[in-house]
Amino acid sequence: MMTTRFLRPAALAPIALLAGCISFGGETPDNLLTLTPTASAPVGAGGSANAGTALVLSEFEAPAALDVTRVPVQIDPTKLAYLQEATWVEKPARLLRRLIAETIRTRSGRVVIDGDDPGVLAENRLTGTLRQFGYDVPSSSVVLVFDAVKPGEGSAIETRRFEARIPGIAADRESVGPALNRAANDVAVQIADWVG
């Protein structure tokens, strides 16, 4: 004989509470922003280098306001917001690092290792901090500021600040995204020329 068992209401309460805690994420944006290089190495391109000539791009730092996948909007010197409906595919410091690596590789033919592996034995490393990467309301422009660090002669260390500003940009995703991509490519070319 089959018996049917029913759960008591008290037994269902924890299940109901748990269901309210589970979230599968917010609404997915229609599209995401990314950075694309103006020039890429052709398929099959490669090279070899020794520890003295290869270049490793170590992880870039970023302040908390930029260490997110949103596009910051500087309203005034003390107020910051984020551009509505504008989301990066991943954090901008990582996107910029890949763009710079590809630009150096394309412009110089140099072996560039882009990754977080500290075990790579290359002597030349490029790192830095992404200081600004967003929209500036007072000037209606996108701004990118990056402080780069690389080895100099002997035991010296060289630093340089790179900047790109593109004025006359409307404060919307369709305008800001492509403008930031242009600014990133401009800075990547400057850095590639500096690195050599």
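The values are calculated or read from the model by the stated rules, or taken from the named source; none is laboratory data. Keep in mind that what you see is a predicted model, and the values were worked out from it rather than measured. All Cβ positions, even for glycine, are placed from backbone atoms using ideal geometry, and neighbour counts span all protein chains on display.
Observations
- Scope the range 27-56; condition aliphatic (A, V, I, L, M), under 30 Å from Glu123 (Cα atoms) and at pLDDT 70 or above; matching residues: Leu35, Ala39, Ala54, Leu55, Val56
- Residue tally, condition of a type outside the set (Val, Ile, Thr), surrounded by fewer than 20 Cβ atoms within 10 Å (Cβ to Cβ), part of a strand (DSSP E or B) and at pLDDT 95 or above, over the range 133-161: 5
Residues are listed down the side, and each one gets a yes or a no for (1) closer than 17 Å to Trp194 by Cβ; (2) surrounded by fewer than 14 Cβ atoms within 10 Å (Cβ to Cβ); (3) modelled with pLDDT of 95 or more:
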{"position": "Ser58", "(1), (2), (3)": "yes, no, no"}
{"position": "Arg70", "(1), (2), (3)": "no, no, yes"}
{"position": "Gln84", "(1), (2), (3)": "no, yes, no"}
{"position": "Leu99", "(1), (2), (3)": "yes, no, yes"}
{"position": "Ile113", "(1), (2), (3)": "no, no, no"}
{"position": "Gly119", "(1), (2), (3)": "no, yes, no"}
